[in-house]
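Heads up, the thing below is written out as structure tokens.
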Amino acid sequence: MIEFVFTIDYEIYGNGEGSLGELVHDPAEKLAEVFNKYQSKFVAFIEVAELEMIEANRTDRAIDKVKHQIKKLYGDGFELGLHLHPQWYNARHENGKWLLDYSEYNLCALPRERIAQVVQRSMDYLRNVLGDPVFTPIAFRAGNWLFQPTKDAADILAQKGVKIDSSVIKGALQRNHGLDYRSACKNGYYWRFEEDVNLHDDDGRLIELPTYSMMVPIWEMITLKRVGMSQKMPSSPLRGIEKFRRYLDFLRLWYPLKMDFFRMTLSELTKMMDKLIHEDHENPTVFRPIVAIGHTKDFIDLEVVEAFLSYLKARGVPVSTFAGVYHRCRQ
């Protein structure tokens with residue numbers, strides 16, 4: 001059986017550029033309208049660190065609208081997940097620009113005490129926004145998908161009550177940051193883990209529900225829509241060995257095409273789903289929670305989103321949330 005989980009990374013650009021109104025609030029508002037039309041919900045992964053720092057420095061007037069929207073989404077039944085780019089917490093705002101602390105780019109590479117501090121601070125802020133002192137997100141997604149080295153961060157998140165991680169993209173590789181999810185390709189649609197997110201562990205306290213991906217020839221990644229959107233995104237300049245390592249990441253025949261329902265065309269989305277539906281018909285006893293990703297900061301083609309929701313409905317594929325699939329995954 002297939003259950004489909006739409007997730008949204010609720011954030012501005014990774015270097016601190018962009019406005020909350022244009023890149024977060026307005027896209028999420030339009031998206032929620034479409035999902036409500038289809039009586040479906042998505043999971044909003046709230047990038048808490050950037051919101052707290054923007055509010056503390058009052059650098060964007062839309063922060064109050066964003067906080068109101070988060071509370072409304074939660075009240076309307078949309079699920080909220082925890083998303084973290086820890087480089088924000090030591091950030092400074094100077095001359096109209098954010099200077100982020102890239103020494104803290106990877107949460108998992110920080111000292112254990114710092115990881116605990118960052119996680120607790122982020123949860124406290126989200127609880128304050130919601131006015132709910134006991135709210136605990138069921139799911140976590142690491143900034144830039146960096147959930148390696150896993151052990152300390154996974155232990156702290158589990159202690160705080162988080163039950164699901166959704167940072168993995170099977171086959172993904174980022175040499176500059178020590179991310180390597182190639183060995184996760186041998187796992188199923190979800191798995192328990194403890195000390196290494198790549199490795200299934202029957203006794204693991206957390207469940208990995210990766211963003212669904214398929215290994216495709218590298219040239220299939222080059223579409224007009226994807227290239228056009230990438231060119232509009234500001235990027236951090238790479239230097240010397242960093243640029244060479246990033247080049248090596250792409251220097252392979254097969255590459256993970258993640259199910260990104262903003263960056264993929266309707267044809268790509270339905271082609272991927274047609275294959276999954278065929279596999280499900282062949283073996284309906286396997287539970288297949290399929291996680292898709294989108295970012296509010298990306299241009300949202302609402303026509304594609306609505307057409308894809310209509311496609312799922314016509315084919316009898318239910319749209320769920322992490323809370324909706326968790327107990328079946330646990331069993």
- [ ] Looking only at region 284-297, count how many residues are surrounded by fewer than 19 Cβ atoms within 10 Å (Cβ to Cβ) and either farther than 22 Å from K170 by Cα or in contact with a strand residue (DSSP E or B) (Cβ under 6 Å, 6 or more places away or on another chain) (or both).
- [x] 2
Open item on the list: Need the failing condition index for V216 against (1) at pLDDT 95 or above; (2) touching a Leu at 6+ places or on another chain (Cβ under 7 Å), just the number.
Closed with: (1)
Open item on the list: When the residues of region 78-105 are narrowed to those that are of a type in the set (G, A, S) and loosely packed, with under 12 Cβ neighbours inside 10 Å, which ends up nearest to N36 (Cα to Cα)?
Closed with: G96
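Yes/no matrix, rows are residues, columns are (1) under 30 Å from D280 (Cβ atoms); (2) out of contact with any helix residue (DSSP H, G or I) (no Cβ under 9 Å at 6 or more places or on another chain); (3) not in a helix (DSSP H, G or I); (4) not hydrophobic (A, V, I, L, M, F, W, C):
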{"site": "E3", "(1), (2), (3), (4)": "yes, no, yes, yes"}
{"site": "N15", "(1), (2), (3), (4)": "no, yes, yes, yes"}
{"site": "E22", "(1), (2), (3), (4)": "no, yes, no, yes"}
{"site": "A28", "(1), (2), (3), (4)": "no, no, no, no"}
{"site": "K41", "(1), (2), (3), (4)": "yes, no, yes, yes"}
TODO: Working only within region 55-96, note down all residues that are among the basic types (K, R), within 16 Å of G21 (Cβ to Cβ) and not in a loop (DSSP other than H, G, I, E, B).
DONE: K65, K67, K72
- [ ] Could you list, in sequence order, all residues of region 303-331 that are loosely packed, with under 13 Cβ neighbours inside 10 Å and either farther than 16 Å from M273 by Cα or touching a Leu at 6+ places or on another chain (Cβ under 7 Å) (or both)?
- [x] E303, H327, R330, Q331
Task: Matching residues, region 262-309, being over 18 Å from the mean Cα position of the chain (by Cα), more than 27 Å from G188 (Cβ to Cβ) and basic (K, R) - done: none
- [ ] Only one of these is out of contact with any Pro (no Cβ under 8 Å at 6 or more places or on another chain), of a type in the set (S, T, N, Q) and either at pLDDT below 95 or farther than 19 Å from Q39 by Cα (or both): T285, T296. Name it.
- [x] T285
TODO: Assess whether F308 counts as being outside any helix (DSSP H, G or I), among the hydrophobic types (A, V, I, L, M, F, W, C) and farther than 19 Å from R141 by Cα.
DONE: no
- [ ] Within region 8-41, count every residue that is within 23 Å of G96 (Cβ to Cβ) and free of Cβ contacts under 8 Å to residues at least 24 places away in the same chain.
- [x] 2
TODO: Answer with yes or no whether V5 is of a type outside the set (S, T, N, Q), touching a residue at least 40 places away in the same chain (Cβ under 8 Å) and surrounded by fewer than 19 Cβ atoms within 10 Å (Cβ to Cβ).
DONE: no
Task: region 116-157, subset closer than 14 Å to Q87 by Cβ and crowded, with 22+ Cβ neighbours inside 10 Å, residue modelled with the lowest pLDDT - done: G143
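Name the single residue, out of those in region 255-312 being of a type in the set (A, V, I, L, M, F, W, C) and out of contact with any helix residue (DSSP H, G or I) (no Cβ under 9 Å at 6 or more places or on another chain), that is nearest to S40 (Cα to Cα).
Checked region 255-312; the qualifying residue nearest to S40 (Cα to Cα) is I293.
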TODO: Please find, within region 169-180, the residue that is nearest to T285 (Cα to Cα) out of those that are out of contact with any Ser or Thr (no Cβ under 7 Å at 6 or more places or on another chain) and touching a residue at least 40 places away in the same chain (Cβ under 8 Å).
DONE: A172
Open item on the list: Considering only region 97-111, I want to know if a residue exists there that is small (G, A, S) and part of a loop (DSSP other than H, G, I, E, B).
Closed with: no
- [ ] Report yes if I164 is more than 20 Å from R328 (Cα to Cα), aliphatic (A, V, I, L, M), crowded, with 18+ Cβ neighbours inside 10 Å and modelled with pLDDT of 95 or more, otherwise no.
- [x] no
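The values are calculated or read from the model by the stated rules, or taken from the named source; none is laboratory data. None of the values given here were measured: they were computed from a predicted structure. As a convention, Cβ positions derive from the backbone with ideal geometry for all residues, glycine included, and neighbour counts pool all protein chains shown.
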